[in-house]
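The values are calculated or read from the model by the stated rules, or taken from the named source; none is laboratory data. Because the structure is a prediction, the values reported are computed rather than measured. When we count neighbours, we look across all protein chains shown, and the Cβ atoms used for this are built from the backbone with ideal geometry, even at glycine. Surface areas here come from the heavy atoms of the whole protein model, side chains and all, with no ligands, DNA or RNA. Shrake-Rupley method; radii C 1.70, N 1.55, O 1.52, S 1.80 Å.
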Amino acid sequence: MNKKVVVFGSFVVDLTGRTPRLPVPGETVMGSSFVMGPGGKGSNQAVAAHRAGADVTLVTKVGRDVFGTVATDFYKKENMDTSYIFEDEEKETGCALILVDESTAQNEIVVISGACGNITLEDVEKSRKLIESAGILLLQLEINLDALYKVIDIAYEAGVTIVLNPAPAAQLPDEVLRKINIVTPNETEAQVLTGVKIENQADAKKAAQVFLDKGVKEVVITLGSLGAFAMNQERNELVERLNVEAVDTTGAGDAFNGGFVMALAEGKDLFTALRYGNVTGALSVTKPGTAPAMPYRKDVQSMYEKNYK
Ligand code: RIB
C-alpha cells in the first residue's frame, strides 16, 4: 500500500512577469506578459506529488484575503484535501515576485511569506495527528523556523520519514539536520549547508558526505545542467538531465521533490525515486508557471519508461 505523504510548507501567490531579459539593478525593461497563480515551494511540491499519483495532504496558512482564495479554489479544482489550510486573522497571504527571462527560461524570485511565515505552535499542535500518521513528511524552508523545528520533532519522535528540501538556502543547526532522513538541496543550497562548492560529481559526493557525517541518512543534490545526484552509505549515482524544450524553469526543483516523494511513497528505493524526480522536474519546465505546470502521472510514467526501462 502507498504511504501517506504530508507536506508542511508554504503557499504564496506567484506574480510572474515574462521579459526578453532580466533587468540589472536600477534598470527598467519592458515585459511581455503577466500571470497570477498558485505558488510557494510547499504547495508546488504537494501539487506535484498529488498529480504524480501520491496521497497528499498539505498543511499551510493563508490570509483572509483574495489571494487566500487562490489557494482553496485551486486545491478544490485539483481534488486536493483542504482541511489543513489554516487562516491567519491579521497577516496577508504570502506572494512571490517572479521574473522569467524568455530567452534563457531562467528566473529571479523574491518571496514574501506573509501568513505562512506566521504558523503558530498551536497550528502545529492541531496538525500533530496528521504528522504522526504520515509515511513521508516533506518540508522546505519557506515557513517560520520555530514551527518547522516543532514539526520535525513531532515527526522524528513518531518515526516518520522526513524529507527536507532546504530551499531557499539557509543555515540549519546540526541538531536539526541529524533528525532528517533525506535532504534534497540544489547545488547552491548544498554549498550553504556544507561549505562545499559544487561544480562536478566529485564535489557533489564531498558535499553529500558532509550531510551523511552530520547524521542525515540519504542525500539527493539537484545539479541543474549536470542532472541529479544521490548518495547513501552504500552507493552514489548521478543521473543526467533529460533533454526537453524549457519555457520556464521556475518550480522545477519543486516538481523534482514532488515526483521523488511520490516514488518513495510507492516503496521505490532512493535511486529509482531519483529518476522519478528527474522526470517530473524535466516535464515541469516545458510549461509556464509553477503549480499549474506540474505534470500528471501518465506523462511522468511514460517519460520514466522511455528513459529508464
Ligand atoms: O520554487 C518556486 C517557488 O518559489 C515559486 O512558486 C515561488 O512562490 C517561490 O516560493
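If the only charges are +1 at each Lys and Arg Cβ and -1 at each Asp and Glu Cβ, what is the size of the charge dipole of segment 130-273 around the Cα centre, to the nearest 20 debye? Around 280 debye, computed over segment 130-273. Dipole orientation for the chain: of the candidates Ala115, Asn44, Ile85, Asn44 has the Cα lying most toward the positive pole (charges on Cβ; Lys, Arg +1; Asp, Glu -1).
Note on Glu157 and Glu89: with the Förster distance fixed at 30 Å, the Cβ-Cβ geometry gives a FRET efficiency of about 0.50. Maximal additional length on extending the Asn243-Asp299 stretch stands at 18.7 nm, based on 0.36 nm per residue less the C-alpha distance. Residues within the reach of a label modelled at Glu102 (point 7 angstrom out along Cα to beta-carbon, backbone nitrogen below 17 Å), restricted to segment 257-293, are 287-289. Computed from backbone phi with θ = phi - 60° and the Karplus coefficients 6.51, -1.76 and 1.60, the 3J(HN,Hα) list for segment 117-127 is x, 10, 7, 8, 5, 5, 4, 5, 4, 5, 9 Hz; x is used for glycine and proline.
When the solvent-accessible area of the chain is split by element, carbon and sulfur atoms take up 50 percent of it, the probe being 1.4 Å. According to the square roots a ≥ b ≥ c of the eigenvalues of the Cα gyration tensor, what is the shape class of the chain, taking rounded for a/c under 1.5, prolate for a/b larger than b/c otherwise, and oblate for the remainder? Rounded is the answer for the chain, as its axis ratio a/c remains below 1.5. Take 75-84, 122-131 and order them by the average number of nearby Cβ atoms within 10 Å per residue, most first; the result is 122-131, 75-84. Per residue, the accessible area of segment 29-82 comes to 41 Å², computed with a 1.4 Å probe over protein heavy atoms only. Under 5 Å between amide hydrogens, built in the peptide plane, is the criterion, and for Asp88 it picks out Val62, Gly63, Arg64 among residues at least 5 positions away or on other chains. For the residues Ala167, Ala202, Ala291, a GNM of the chain with alpha-carbon springs under 10 Å puts the largest fluctuation on Ala202. Using a Gaussian network model of the chain whose springs link C-alpha atoms within less than 10 Å, name the residue from Val151, Val29, Val160 with the highest mean-square fluctuation. Comparing Val151, Val29, Val160 in the GNM, the peak value goes to Val29. Spacing of the modelled spin labels on Leu121 and Val35, each 7 Å from Cα toward Cβ, amounts to 4.2 nm.
Comparing Asn44, Asn243, Asn144 in a Gaussian network model of the chain where C-alpha atoms under 10 Å apart are linked, the largest mean-square fluctuation is found at Asn243.
Here the Karplus relation 6.51 cos²θ - 1.76 cosθ + 1.60, evaluated at θ = phi - 60°, turns the backbone of segment 82-98 into coupling constants of 10, 6, 10, 9, 6, 10, 8, 5, 10, 6, 7, 4, x, 9, 10, 9, 10 Hz, with x for every Gly and Pro. Residues whose amide H lies under 5 Å from that of Leu242, counting only those 5 or more places away or on a different chain, are absent; hydrogens are built 1.01 Å from N in the peptide plane. Taking amide H as placed 1.01 Å from N in the peptide plane, Thr161 has its amide H under 5 Å from the amide H of Leu137, each at least 5 places away in sequence or on another chain. Computed on the chain, with alpha-carbon pairs under 8 angstrom and 6+ residues apart, the relative contact order is 19 percent. Straight-line cross-link partners of Lys76 among the lysines, defined as a Cα under 27 Å from its Cα and at least 8 positions apart when in the same chain: Lys3, Lys4, Lys41, Lys61, Lys91, Lys126, Lys129, Lys287, Lys298. Relative contact order of segment 97-205: 19 percent, from C-alpha pairs under 8 Å at least 6 residues apart in sequence. Here the Karplus curve 6.51 cos²θ - 1.76 cosθ + 1.60, taken at θ = phi - 60°, turns the phi angles of segment 266-279 into couplings of 8, x, 6, 7, 3, 7, 6, 4, 4, 5, 5, x, 4, 5 Hz, with x standing for Gly and Pro.
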